[in-house]
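In what follows, a structure is listed as structure tokens, so that the remarks can point back to it.
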Amino acid sequence: MMTESQALETLTREDPTAAGDAKAALAWLTGDEGLETISLLRLQEFLWYALPVKWPMSTPGRVGVAKALGRLFDLAGLHRYAGVCASAGTEQIITAYADGHEEGIAAYTEAIDASNAAPPDTELLAWGSVMGVQERAAYDACAAALELAFASGELSVGGRGWRTKRVDLVNRWLTGGASLRGDDPPGDPLDPGGTHPPRPPLGGTHPPGPPSGGTHPPSPPGDTWLGRISAERIDAWAHGRPGERSRMARALIPRLLEPPALPDDPLPTLGWLLGHAEEGLRLTARHYIAPALVTEAVDTFGWRDQLVGTLRQEMDVFPLHTLRGMAQAEMGAIRRSRTSLVLTKTGKLMAADPAARWHIGTAALIGSDDGPQPDFPVAVREATLLVILTSGPASYDDLTRLLTDIHGVEGWASGGRTGLADAVRTELYTLRHRLWALHLLGRERSFTAPLSLTETGIAAALSALLARALRPRHHLGLG
């Protein structure tokens, strides 16, 4: 086995041009830190993303760089890495970018997912597509641990329970002490500019609930990767946005970090819905909740005193209709099966675990923005809760003026100031309905009364904002 310098000297004698390509690729890949810093995941990200996207050369030239790097690895005794460089699959992915960026990204995503080199999302943490320094360092550390486990035979693709074992390994790495990795992570040599390849989906979806994107909020002791990621995400949320939003977020951090007290009966309306769906909640022929169950909900939650009409149809009871929509479309807790609503896997967890019901349910107050761009309704709902928690109840007119100013400064545009104000007010009403559906809205529910929260509603708003702060990032805008 040759050293790096020996391998480069040998390759220079064989093919000076290839040696130049290999040396440049190695510098990009390792940041001059040596072959020992390479992992399978980082190599794949270079070959399948950085090389075809960021190297200004022809497709044959990029394929040549990959093959030259593979020859260098062969000379250095890194035959598995050499195989990736020289594989037909790598050439196909690089060539796919010639047909368009989206085609190339799709091929890259599929190949990364199939390789099992990337750390999976777990119940403790969902990885972001946009990562801070700590999260990227943890991602790389977990990838290296997985690579070692596969190479040593501890993990074997297709073996009994291998996926569960892989998740367990990632969780152990995330919650292990600082001795697992030594000093603070360096910058990313793969991408000196500070951006990273888009992290491909790793299978499955995650409910929008708990702080780090799993099913329970993290509470790791001491210095752990999970703790570092959580602190980094909160800091980005509180400091990474312009103007008033950032000021309010910073003011709330001490309250967000207080140990939460779970209500005795978290989100009773949601508990009622999940309880009925556990046995199969009956629907009408048009797939609305059956009148008998509508009447039960109206009487149980005091909605008869708050609404007018016979209140026998789901669409007549807006809090119930809103509750169903949130549980079905956003929490992923229920689904329709023929003429009934039944629990999903997430719903079964929420029905059995009050803490999971609380975290997932309260996060849905704001909602998620998993797309590549910030989501306006989510931004408005977040800002509204920030205002109420920092300044107290406010009228809809005052909230509309303040939130229009905030979102105007942030660059949101919707037909001028009047159009933006109308869009803001629409989202205020949406949030009001969500709060009402989850039994969190203050007693004065008319549109002329200030928008206020119950005591439990305040706790729910803090929980929703914490989930927002600790969520995985998928775009650069608005924290």
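The values are calculated or read from the model by the stated rules, or taken from the named source; none is laboratory data. This is a predicted model, so every value here is computed, not measured. Heads up, the Cβs are rebuilt from the backbone with ideal geometry, glycines too, and the neighbour counts pull from every protein chain shown. Side chains included, ligands, DNA and RNA excluded: accessible areas come from the protein's heavy atoms. Shrake-Rupley method; radii C 1.70, N 1.55, O 1.52, S 1.80 Å.
Between Val167 and Ser58, with labels modelled 7 Å along Cα→Cβ, what's the label distance in nm to one decimal, could you check?
That separation, rounded to one decimal, is 4.8 nm.
Going by accessible area, probe 1.4 Å, with all protein chains left in place, what is the ranking of Glu103, Glu36, largest first? List each step's numbers first, then the result.
Numbers: Glu103 95, Glu36 145 Å².
Largest to smallest exposure gives the sequence Glu36, Glu103.
Beta carbons within 10 angstrom, averaged per residue: use that to sort the peptides 262-270, 346-354, highest first.
346-354, 262-270
Just from its helices, what would the mean residue ellipticity at 222 nm be for the chain, if runs of 4 or more DSSP H residues each count -39500 (n - 2.57) and the sum is divided by every residue, rounded to the nearest 500 deg cm²/dmol?
Details: 21 runs with 266 residues, N = 479.
Calculated mean residue ellipticity at 222 nm is -17500 deg cm²/dmol.
Let me cross-check Arg432: its accessible surface, 1.4 Å probe, with only protein heavy atoms counted, in Å² to the nearest 10?
About 10 Å², ignoring ligands and nucleic acids.
Based on a Kirkwood Rh over C-alpha pairs, give the Stokes-Einstein translational diffusion coefficient of the chain at 37 °C and viscosity 0.692 mPa s in µm²/s. Mind showing how you got there, number by number?
Working: Rh = 24.9 Å.
The estimated diffusion coefficient comes to 132 µm²/s.
Order the following by accessible area, largest value first: Glu135, Glu279. Probe radius 1.4 Å; ligands, DNA and RNA are ignored.
Details: Glu135 5, Glu279 165 Å².
The ordering from most to least exposed comes out as Glu279, Glu135.
Once label points are set 7 Å from the Cα along Cα→Cβ at both Phe318 and Arg80, what is their separation, rounded to one decimal in nm?
5.9
How far apart, in nm, are the 7 Å Cα→Cβ label points at Ser395 and Arg250?
Here the answer is 3.1 nm between the modelled labels.
Accessible area of Ser58, 1.4 Å probe, to the nearest 10 Å²?
Accessible surface of Ser58 is approximately 70 Å².
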